[in-house]
1. Among 189, 159, 283, which comes first, second and so on when ranked by fewest other beta-carbon atoms within 10 Å?
2. For the chain, take the longest principal axis of its alpha carbons; what is the angle in degrees between that and the long axis of helix 141-158, to the nearest 10 within 0 to 90?
3. Would you kindly calculate the translational diffusion coefficient of region 2-129, applying Stokes-Einstein with the Kirkwood radius from alpha carbon pairs, for 25 °C and a viscosity of 0.890 mPa s, and quote it in µm² s⁻¹ without decimals?
4. I'd like the trypsin sites (Lys or Arg not before Pro) in region 227-266 restricted to DSSP loop residues with at most 14 other Cβ atoms within 10 Å, sorted by number.
5. Of 233/277; 233/281; 129/235, which ones are farther than 21 Å apart at the Cα?
6. How long are the semi-axes of the ellipsoid equivalent to region 141-289, from square roots of 5 times the Cα gyration tensor eigenvalues, in whole Å, largest first?
7. In the set (1) 1.75; (2) 1.02; (3) 1.34, which value of Cα Rg over 2.2 N^0.38 Å was calculated from the structure you see?
8. Nearest 0.05, what FRET efficiency do residue 103 and residue 150 give at R0 = 45 Å with Cβ-Cβ as r?
Amino acid sequence: MKSKVLIPYLIIINISLMLLLLDMRYPLVEENTAWDIISEMLICIQPLIWIFCRRIGFRENSSGNLYTVGAIIFYTGAFQNVMDEVYEMEGVISQIDKVLMPLGLVVISTAIVLAFGYEKRVSSYIVEKSIRDPLTGLYNRHYLEDKLNDLLDEAEEIRCETAVAFIDIDNFKRVNDTEGHRKGDELLRYIGELIKSSIRRTDYAFRYGGDEFLIVFQNTTEEVALEIMERIKEKLKKNVLVHNYQLSMSSGIASYQKAENYRELIHRADQAMYHSKIMGKDRVTVASMF
């Protein structure tokens, strides 16, 4: 690891020696001031600091390497600029600093932009992982509390209807008891995919916990939510494993009422779901109808 850190500095030392050997062929400048040389040397020090700071600011190798290349290019131009103050050079070599220094800054800027893009992607990935249930891919319960609160505030503001469906898989414990949790996880993944494929892009599906799920239907009446839940329930029963273990879906639907908080809304949907259980399972109950 330490050898990799030293490589850019070894390259810079070799570049400095090569340029020094080339420039020494020219005569010395007769009227040069020490302050001019010192100011140009201070510019040379900057890319050395940039290379050191690369280890702190870049987590991704490709943009970090590009950043280092840019710093080396800039250093080469800056070092040659120092030599211009010492030796009376002519031709192409006297002009390379005017090309390499801006080019180095362009490369460094490109590397920084790429690094910001990488950090943004990493940040988005971390956020997405934190709000998703790892088994089903649905949103998790922690995200539900934040998101549903925001959706209800939005519904209150624009005066649109919002419905919540609370789902419980009937007899699911039977699968874990007879086949083990591996088979149970397989079924939960299938149910998660079924729910995701059955709702609209404006709706949100959550794994509430265990074999319980929750769907938030935006700008939706209870009647429309009921139709969607009936379709999901019938699709579920067509799965071979679900049929073999005599699983079914009990769910309850509640529509948002003015000034109601998200806990109260979930509670009413939950109570409607339990009413479905009491009435024999495998059914959808609307909270306003019992």
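Every read-out reported here was derived from the displayed coordinates using simple, explicitly stated rules and does not represent laboratory data. Bear in mind the structure is a predicted one, so any value in this text is a computation, not a measurement. Using ideal geometry, Cβ is built from the backbone for each residue, glycine included, and neighbour counts are taken over all protein chains shown.
1. Numbers: 189 13, 159 7, 283 19.
So the residues, fewest neighbours to most, are 159, 189, 283.
2. Roughly 80 degrees between the two axes.
3. Working: Rh = 16.0 Å.
Reported coefficient: 153 µm²/s.
4. 238, 258
5. Checking Cα-Cα distances, 129/235 exceed 21 Å.
6. Working: eigenvalues 144, 45, 36 Å².
Calculated on Cα positions only, the semi-axes equal 27, 15, 13 Å.
7. From the options (1) 1.75; (2) 1.02; (3) 1.34, the structure gives (1).
8. On the way: r = 48 Å, r/R0 = 1.06.
In this case the efficiency is close to 0.40.
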